[in-house]
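The values are calculated or read from the model by the stated rules, or taken from the named source; none is laboratory data. Since we're looking at a predicted model, the values are computed, not measured. In this analysis, Cβ positions are derived from the backbone assuming ideal geometry, glycine residues included, and neighbour counts consider all displayed protein chains.
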Amino acid sequence: MCFPQGCRHVPYHGQWKVHHTGRDGTQIDWFSAQDIGRFAAEAFTQPEKFNHKELSLVGEKHTMSEVAEALSTVTGKHFDAISQTEEEAAASGLFKWGFEAYIWQNVEGYKIDPQEASGYGIHPESLDEFLEGHKSFLQERYSGLE
């Protein structure tokens, strides 16, 4: 799961709940758009290092409960992670392409070794680092919502 710039796609659906269709305990692979940018910049500036290489990028693995806890810490609001069935997710307004990814993660999931990309000298940004780096935006974004 990628946190796009500005956290516009954090699956917030009112009442400080993060709704998802992942099973409780299912871990999601996390990385940021900045991570992709760092690897892309490195590939353009040092093409010999990445020539004919195919990399799977991943930072950390987190459950949605851990994500809700991290959001709570940064925003000062208490978030809960609520696991829904596919039908509940569709009825609540979540986009089908969004919840289908969580359903797939429950069954198959990415089989990415976080160490695979570590040999390239680029440290993926942790979820906590990303949220801290966007703390003022997140606090402002969620301050007026009830």
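Only one of the numbered conditions (1) at pLDDT below 85; (2) surrounded by 16 or more Cβ atoms within 10 Å (Cβ to Cβ); (3) more than 16 Å from Ile28 (Cα to Cα) is not met by Thr75, and that is (1).
Within the stretch 102-113, is there a residue that is within 25 Å of Phe137 (Cβ to Cβ), surrounded by 17 or more Cβ atoms within 10 Å (Cβ to Cβ) and at pLDDT below 85? Scanning the stretch 102-113, I find at least one residue that is within 25 Å of Phe137 (Cβ to Cβ), surrounded by 17 or more Cβ atoms within 10 Å (Cβ to Cβ) and at pLDDT below 85, so the answer is yes. Give me a count of the residues in the stretch 20-53 that are over 13 Å from Gly119 (Cα atoms) and part of a loop (DSSP other than H, G, I, E, B). The qualifying residues number 10. Whenever a residue of the stretch 80-91 is without any contact (Cβ under 8 Å) to a residue 12 or more places away in the chain, its partners that are of a type in the set (D, E, K, R), lying with C-beta atoms within less than 9 angstrom and at least six residues away or across chains, give the pairs Ala90/Lys96. If I go through the stretch 40-59 residue by residue, how many of them are touching a helix residue (DSSP H, G or I) at 6+ places or on another chain (Cβ under 8 Å) and surrounded by fewer than 17 Cβ atoms within 10 Å (Cβ to Cβ)? Residues in the stretch 40-59 being touching a helix residue (DSSP H, G or I) at 6+ places or on another chain (Cβ under 8 Å) and surrounded by fewer than 17 Cβ atoms within 10 Å (Cβ to Cβ): 5 in total.
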